[in-house]
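Taking it in order: structure first as structure tokens, then the write-up.
The values are calculated or read from the model by the stated rules, or taken from the named source; none is laboratory data. Fair warning: this is a prediction, and the values are worked out from it, not measured in the lab. Cβ sites come from the backbone with ideal geometry, for glycine too, and all protein chains shown count toward neighbours.
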Amino acid sequence: MSKTPYITTAIPYVNGAPHVGHALDYLLADVYARYKKEQGITVRFQSGTDEHGNKIWSKAKSLGIPVEDYVRDNAEKFREFIKKLGVEPTDFIRTSSEDHARRVGKIWKKIESHIYSAEYEGWYCSGCERFITDKEYEETGGICPDHQAPYERLSEKNYYLKISDFKERIKTAIESGEMTILPESRKKQVLNLLETSPDVSISRPKKNLSWGIPVPGDDSQVMYVWIDALANYLTVLGYPETDISDFWPAEVQFVGKDILRFHAIIWPSILLALGLPLPKVILSHGFVLANGQKMSKSIGNVIDPLDILEKYGLDPFRYYFLRHVDTFADSDFTWEKFDAAYANELANDLGNLVQRLAVLDKKNNVSIKTEVSCFTAPKNYTSLMDNFKYSAAFDYVWDEIQQLNKDINDQQPWVVAKENPEKAQEILTGLTMRLLDCSKLLVPFLPDTCKAIQGVFQETITIPAPLFPKN
Ligand code: MSP
């Protein structure tokens, strides 16, 4: 059966402007999409915004703005942000849209045999919008470490999804690799969590949560944000009103490590209740830290990605967040590190190499016939890319870029040219072809830069303006 690979990103809450942490989902998914495109495969690529919930409602209220206007304006900021990152999803979903609400209602009806209602009493964090376990309560001394606020005791009627109906099936799927959890180190955590996971509550009384999708057939209840949000991956494709078998199961779902548990436990339960296959891969990325500290709207130490984009432009942004921010581990952002990577790696290693070769090629009448090169990406590179080890794939290409810099110095084509112009041309052609090969491997990461490099080395060489000027 021919299938279009479907990739998804987490949909951010719209209770503020985008921050650099949000960029990771988009960039990782975008690299995957562009890498596939280089292989002649086009993907379906979802993105969007998560617009319901008390936090968003209260924020709009505190600003004196109708909540619908507030979420629309913020969703627009995310849409623009995605565009500025050079990311081009095929679909953008807003969970406050009518299509989404109608389809989620139908999804709820379809899984009703796995839903029951009960009274719940427990400790709740309004920042996290979730009840926490007694164990977590004890471990944290009753204070949410993320929000620095005490937990509240709440009791209310909730609808529950019977995770217990699916535990064994999910466990087998994870262990057998039917649904791969990446990285491996978090797979174990998920399996442990699954073991002890209770049934999860998927609604709230309307009086406590008014901004959300109504539970079908019960006016007093509103769907809790997680079921509403997770369903986006299906509703955006038109499910259950449209046949989605060309796209589902998803090829890769990119999420942050903080929301892996929802994607690895609640989400598969919903899918199994619907009789749908599980996603092939759930990739959980690490966090971008600010000076070693978690970045969060509540703490107020978020870095504005637009500042970086404005100061440096798109490809340096992509470069830093795809090479120096590891796909899986937490990584730090500081302006010092960013400046150093820009100056030493982009401007020096790559920018100067392009400039130097262009000048030498032009001077020695080198003419590049790109159409004769038949290029296959090296196995070392593809195996890193296929395993989402993007910063390691970058390292692999960068070793060659540094080697090229060294080879120019060692081979001194400008000295050879004095005695033997043909030999100099041959050396320069070889070096240039190797640079062009590097640029082909970097296309998924630095699309504009690679296009510029490929534009420089044609039959007639064009000497470009510095690719990465000093700021
Ligand atoms: N709305 C939910 C996701 C629902 S998906 C069905 C949510 N929103 S969020 O705005 O809090 O986070 C959106 C994404 O950004 C998540 O993947 C989250 O992990 C990621 N990040 C938020 N802060 C981050 C960092 N500082 N670093 C890296 N990613 C982080 O969760």
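Restricting to helices (runs of 4 or more DSSP H) lying wholly in the stretch 331-420: which have 1 or more residues that are under 24 Å from the mean Cα position of the chain (by Cα) and surrounded by 15 or more Cβ atoms within 10 Å (Cβ to Cβ)?
Working: elements: 335-340, 352-363, 379-386, 390-411, 413-419.
Of the helices (runs of 4 or more DSSP H) lying wholly inside the stretch 331-420, those with at least 1 residues that are under 24 Å from the mean Cα position of the chain (by Cα) and surrounded by 15 or more Cβ atoms within 10 Å (Cβ to Cβ) span 335-340, 379-386, 390-411.
Assigned by TED's automatic domain parsing to the domain that holds Phe166, within 13 Å of the ligand (Cβ to nearest atom), at pLDDT 95 or above and more than 18 Å from the chain's Cα centre (by Cα), is that true of Ile282? It is false that Ile282 is assigned by TED's automatic domain parsing to the domain that holds Phe166, within 13 Å of the ligand (Cβ to nearest atom), at pLDDT 95 or above and more than 18 Å from the chain's Cα centre (by Cα). In the stretch 316-337, the residues that are touching a residue at least 60 places away in the same chain (Cβ under 8 Å) form Cβ pairs under 9 Å with partners that are assigned to a strand (DSSP E or B) and more than 13 Å from the ligand (Cβ to nearest atom), at six or more places apart or across chains, as follows: Thr327/Leu182; Phe328/Leu182. State whether one or more residues within the stretch 173-188 are assigned by TED's automatic domain parsing to the domain that holds Ser113, within 15 Å of Leu260 (Cβ to Cβ), small (Gly, Ala, Ser) and more than 24 Å from the chain's Cα centre (by Cα). Within the stretch 173-188, not a single residue is assigned by TED's automatic domain parsing to the domain that holds Ser113, within 15 Å of Leu260 (Cβ to Cβ), small (Gly, Ala, Ser) and more than 24 Å from the chain's Cα centre (by Cα). The single condition among (1) modelled with pLDDT of 95 or more; (2) over 20 Å from Ile181 (Cα atoms) that Trp267 does not satisfy is (2).
Scanning the stretch 229-258 for residues that are within 15 Å of the ligand (Cβ to nearest atom), of a type outside the set (S, T, N, Q) and touching a strand residue (DSSP E or B) at 6+ places or on another chain (Cβ under 8 Å) returns Ala229, Tyr233, Val236, Leu237, Ala250, Val252, Phe254, Val255, Gly256, Lys257. Kindly provide the set of residues from the stretch 167-205 that are in contact with a strand residue (DSSP E or B) (Cβ under 9 Å, 6 or more places away or on another chain), over 28 Å from Gly105 (Cα atoms) and in a loop (DSSP other than H, G, I, E, B), ordered by number. Across the stretch 167-205, the qualifying residue is only Pro183.
Filter the stretch 113-132 for residues that are loosely packed, with under 14 Cβ neighbours inside 10 Å and closer than 17 Å to Ile163 by Cβ and give the result.
If the condition is that a residue be loosely packed, with under 14 Cβ neighbours inside 10 Å and closer than 17 Å to Ile163 by Cβ, then Ser113, Tyr116, Ala118 are the ones that fit.
Taken residue by residue, the stretch 105-118 has no member that is in the same structural domain as Gly238 (by TED's automatic domain parsing), among the small types (Gly, Ala, Ser) and under 29 Å from Ser298 (Cα atoms). Tallying residues that are surrounded by 14 or more Cβ atoms within 10 Å (Cβ to Cβ) and modelled with pLDDT under 95 within the stretch 150-185 yields 4. Here the strands (runs of 3 or more DSSP E) wholly within the stretch 206-304 that include at least 1 residues being hydroxyl-bearing (Ser, Thr, Tyr) and surrounded by 24 or more Cβ atoms within 10 Å (Cβ to Cβ) are 281-285. Looking across the stretch 89-112 at every residue that is touching a residue at least 40 places away in the same chain (Cβ under 8 Å) and among the hydroxyl-bearing types (Ser, Thr, Tyr), the one that is surrounded by the fewest Cβ atoms within 10 Å (Cβ to Cβ) is identified as Thr90. Here Ser164 fits the description: assigned to a helix (DSSP H, G or I), more than 19 Å from Gln253 (Cβ to Cβ) and touching a residue at least 24 places away in the same chain (Cβ under 8 Å). Does the stretch 82-93 contain any residue that is part of a helix (DSSP H, G or I), of a type outside the set (Val, Ile, Thr) and either in the same structural domain as Met223 (by TED's automatic domain parsing) or modelled with pLDDT under 95 (or both)? Looking for residues that are part of a helix (DSSP H, G or I), of a type outside the set (Val, Ile, Thr) and either in the same structural domain as Met223 (by TED's automatic domain parsing) or modelled with pLDDT under 95 (or both), one finds at least one in the stretch 82-93, hence yes.
Scanning the stretch 10-47 for residues that are away from the ligand (no atom under 11 Å from the Cβ) and either surrounded by 24 or more Cβ atoms within 10 Å (Cβ to Cβ) or within 14 Å of the chain's Cα centre (by Cα) (or both) turns up Asp30, Val31, Tyr32, Ala33, Arg34, Phe45.
Restricting attention to the stretch 292-335, and to residues there that are of a type in the set (Ser, Thr, Tyr) and under 16 Å from Leu28 (Cβ atoms), which single residue is farthest from the ligand (Cβ to nearest atom)?
Within the stretch 292-335, the first condition is being of a type in the set (Ser, Thr, Tyr), and the residues that meet it are 296, 298, 312, 319-320, 327, 331, 334.
Filter again for under 16 Å from Leu28 (Cβ atoms), leaving 319-320, 327, 331.
On the way: Tyr319: 17, Tyr320: 13, Thr327: 11, Ser331: 9 Å.
The residue in question is Tyr319.
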